[in-house]
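In what follows, a single structure is set out as structure tokens and then discussed.
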Amino acid sequence: MNWPASGMTDAQSVLRAAVGEIHGDARPGQQRMVEVLSESLESGVHLLVQAGTGTGKSLGYLAPALAHVVDTGERVVIATATLALQAQLANKDIPAALDAVEEVTGVRPKAAVMKGRTNYACLYRSRGGVDPGQAALIGAGEFGSAPVAADDTSKLGLEVLALREWVEQEVQDGGLGDRDDAPSHTARGWAQVSIPNRECLGVNACPFGEQCLVEASRDRARKADLVVTNHALLAFDAMQNRTILPEHGAVIIDEAHELVSRITTAATDELTQGIVDRTARRAMEWLDDDLGHDFLTAAEELGIALGESEPGRVTSGTAPVVYAASVVRDVSRRVATALGGNKDTDADRTQALGAVREVYDVAERIAALADADVVWITDSEIAGKAVYVAPLDVSGLLRTSVFGETTAVLTSATLALGGSFEPVAAQVGLRRSERVEEVEDPPEFAWRAFDVGSPFDYRRQGILYAATRLPNPGRDGLTKETLAEVAQLVWAADGRTLGLFASRRAAEQAADHCRRELPGFTILCQGDAQLPELTRRFQEDPRACLFGTMSLWQGVDVPGDTCQLVLIDKIPFPRPDDPLMQARKKAVDDAGGNGFMQVAATHAALLLAQGSGRLIRRADDRGVVAVLDPRLMKARYGSFLRSSLPDFWLTTDGDVAVHALRRLRGEE
């Protein structure tokens with residue numbers, strides 16, 4: 001790295017210096033995090049560390065990470081799930097931590113943010129190499145030569161012109177063309193200035209390779225001591241034999257409760273008739289008529305097979321969609337051979353070859369119908385039918401390519417489910433028998449777990465109301481009793497309600513009911529506007545309620561009096577028609593385990609913990625979490641779910657919850 005190893009840096013001193021810049025004194029949870037992370041980074045023992053909301057966990061892991069960098073010269077990677085946290089780290093926490101390290105040691109490490117290729121502008125695409133699927137919408141000339149459509153008022157054309165001007169300014173200013181810094185744009189607009197991985201020409205072949213913004217970002221990461229990335233890029237690095245991220249000695253995975261979901265998403269592929277058809281037409285220019293016709297026919301066969309198939313999991317090797325995928329695979333292999341046989345440097349041909357190889361890889365995976373994969377069909381009113389393939393289990397990938405290669409620290413506010421870290425550990429490939437209490441002479445894959453606590457007094461600040469007097473949830477929407485309970489609780493809270501529902505239908509049903517029964521309140525429902533706009537209005541209106549589905553369970557942070565009631569309509573088990581989750585459950589059952597507890601109940605516990613965590617975001621927050629599903633108390637698995645939640649004071653009496661909410665608004 002950039003300096004020789006020194007003596008052991010006092011990570012606690014780094015923490016105190018960093019915290020002093022932001023909010024005064026280090027918190028007990030931060031200090032405990034620094035202690036256990038320092039031990040793990042030194043010993044190589046993996047660590048799961050739960051740090052409750054308000055702990056200040058970012059500085060709790062940055063201080064020991066940077067101390068480790070200074071002491072060993074090893075690079076440390078930090079992986080987050082969300083762009084919001086990535087931005088917070090890059091713009092606030094890391095600069096404060098770097099200042100602190102410099103103050104304590106006299107050395108200032110370098111930090112860099114590293115994202116996937118499509119998050120950066122591509123100069124070849126921006127300067128004229130438009131997406132063929134939209135070439136008719138905007139001009140394909142060189143930059144500056146009227147790049148908008150024939151109709152100069154084209155919204156997309158004007159958007160792309162603004163993006164292209166911004167890209168050139170980024171090049172001039174030495175920027176990276178990061179999408180987060182770009183002018184306002186749509187996904188279609190961004191597609192005209194960025195490029196998928198498989199279609200990249202490569203630095204040597206691209207006419208603008210020496211100026212490549214992606215390579216500039218990778219070069220900064222290679223020169224940095226601390227690299228911030230995301231779960232998806234961590235997944236691609238694992239799947240591609242650690243060839244994407246720069247070499248590193250440790251990885252700290254924040255928002256680790258989302259790791260398995262993000263890794264699964266990154267390893268999931270899709271195939272539709274439209275994808276194959278567009279790829280075929282893109283390659284047609286370099287194919288003979290027969291081969292081009294075969295490619296288009298293969299796309300049609302896939303469309304016919306999808307049309308004949310019902311949505312759901314595909315398990316038979318004789319299923320129409322499996323046969324159609326094999327046809328697409330065979331034809332795309334021949335097309336790739338034809339396109340790759342010519343050694344010319346035609347950029348469009350090279351990009352078409354990349355798209356064909358992508359189709360081939362996905363079709364081959366679907367046609368194989370391997371035991372390690374789950375294949376299923378979906379049907380959307382907007383997008384039509386598609387076939388997907390995803391890994392049945394990602395624990396093996398994480399065990400081999402993450403935990404088997406470097407010291408890993410996983411941290412989140414919700415890692416202990418049912419009072420134990422072992423459900424999450426198992427999902428990421430760590431075994432119960434490998435858990436250790438000490439770091440001396442650890443075996444391979446040894447791991448420890450700690451809960452550093454929370455700065456909040458949950459029993460004093462919040463009430464968990466489990467509505468045992470209501471009927472069990474059904475499949476026909478919310479019952480009239482549940483709707484009445486929702487309205488009464490919202491009235492008692494004088495609005496100030498975040499409603500977390502298991503489906504869009506339930507959220508809309510509850511919103512419509514409350515609008516009728518409580519005309520003086522502002523009832524916002526997901527879908528009424530973009531989520532940032534709804535969240536802003538929720539924060540600004542003291543009597544507003546915000547109802548929605550999964551994106552609200554983990555993505556909304558509204559401290560203070562704005563949110564004094566969190567409503568949860570039902571335990572968020574996986575949908576019975578979710579092919580991947582049902583396949584995982586069956587696999588556990590077939591192996592002799594309890595698939596319901598290991599998959600469905602663990603999934604529900606994680607979401608319940610995240611959802612109920614929306615209530616208390618700072619030390620002076622007060623309120624009620626109301627779970628309108630009596631199974632939380634009455635079912636055998638209820639105790640597992642309850643022990644996954646913050647330690648609120650528990651009641652099953654709805655009148656107690658109503659009176660508590662009225663007291664908060666000063667009426668009792």
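The values are calculated or read from the model by the stated rules, or taken from the named source; none is laboratory data. Everything numeric in this text was worked out from a predicted model, so none of it was measured. Note that each Cβ is placed from the backbone with ideal geometry, even for glycine, and that neighbours are counted across all protein chains shown. We work out accessible area using only protein heavy atoms, side chains counted, and drop any ligands, DNA or RNA first. Shrake-Rupley method; radii C 1.70, N 1.55, O 1.52, S 1.80 Å.
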For this session: Among 624, 91, 319, flag the residue with its Cα farthest along the positive direction of the charge dipole of the chain, charges on Cβ as +1 for Lys/Arg and -1 for Asp/Glu.
Result: 624
For this session: Can you tell me the relative contact order of region 539-646? Whole percent, Cα pairs under 8 Å, sequence separation 6 or more.
Result: 35 percent
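Over region 340-414, calculate the relative contact order: mean separation of alpha carbon pairs under 8 Å at least 6 apart, over the residue count, as a percent.
This gives 18 percent for region 340-414.
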Exercise. Bin by bin, in steps of 5 Å, what percent of the Cα pairs in region 242-356 do you find, going until the bin that has the longest distance?
Worked result: 2, 10, 16, 15, 13, 12, 11, 10, 7, 3, 0
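What accessible area per residue comes out for the chain, rounded to a whole number of Å², with a 1.4 Å probe? Before the final figure, lay out the partial values.
Working: 28770 Å² over 668 residues.
Value for the chain: 43 Å² per residue.
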Seminar exercise, completed: Per-residue ellipticity at 222 nm attributable to helices in the chain (runs of n ≥ 4 DSSP H, -39500 (n - 2.57) apiece, nearest 500 deg cm²/dmol) works out to -13000 deg cm²/dmol
Problem set entry | Pairwise FRET efficiency - residue 90 versus residue 620, Cβ, R0 = 35 Å, nearest 0.05 | 0.75
Problem set entry | Segments 240-246, 189-195, 295-301, 215-221 sorted - mean Cβ within 10 Å per residue, highest first | 189-195, 295-301, 215-221, 240-246
Problem set entry | Euclidean distance of C-alpha centroids, region 228-272 and region 421-466, integer Å | 22 Å
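Test of the criteria: in region 332-379, which trypsin sites (Lys or Arg not before Pro) are in a DSSP loop and have at most 11 other Cβ atoms within 10 angstrom of their Cβ?
The qualifying sites are 343.
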Exercise. In nanometres, what is the gap between the two model label sites at residue 475 and residue 203, each 7 Å from Cα along Cα-to-Cβ?
Worked result: 5.6 nm
For this session: Can you pull the one-decimal nm distance between simple spin-label points at residue 99 and residue 459, each 7 Å off the Cα toward Cβ?
Result: 4.0 nm
Problem set entry | Relative packing of 82-89, 383-390, which averages over residues the other C-beta atoms within 10 Å, highest first | 383-390, 82-89
Seminar exercise, completed: For region 183-266, the percent of accessible surface on carbon and sulfur atoms (probe 1.4 angstrom, ligands and nucleic acids excluded) is 48 percent
For this session: With a 10 Å radius around each residue's Cβ, average the other Cβ atoms per peptide and rank 276-282, 503-509, 375-381, highest first.
Result: 276-282, 503-509, 375-381
Exercise. Over the chain, what is the relative contact order in whole percent, taking alpha-carbon pairs under 8 Å and six or more residues apart?
Worked result: 15 percent
Seminar exercise, completed: Log10 I(q)/I(0) at q = 0.07, 0.10 Å⁻¹ for the chain, from Debye over equal alpha-carbon scatterers, is -0.53, -1.11
Seminar exercise, completed: As straight-line cross-link partners of residue 223, the qualifying lysines (C-alpha separation under 18 Å, not fewer than 8 residues apart within one chain) are 110, 115
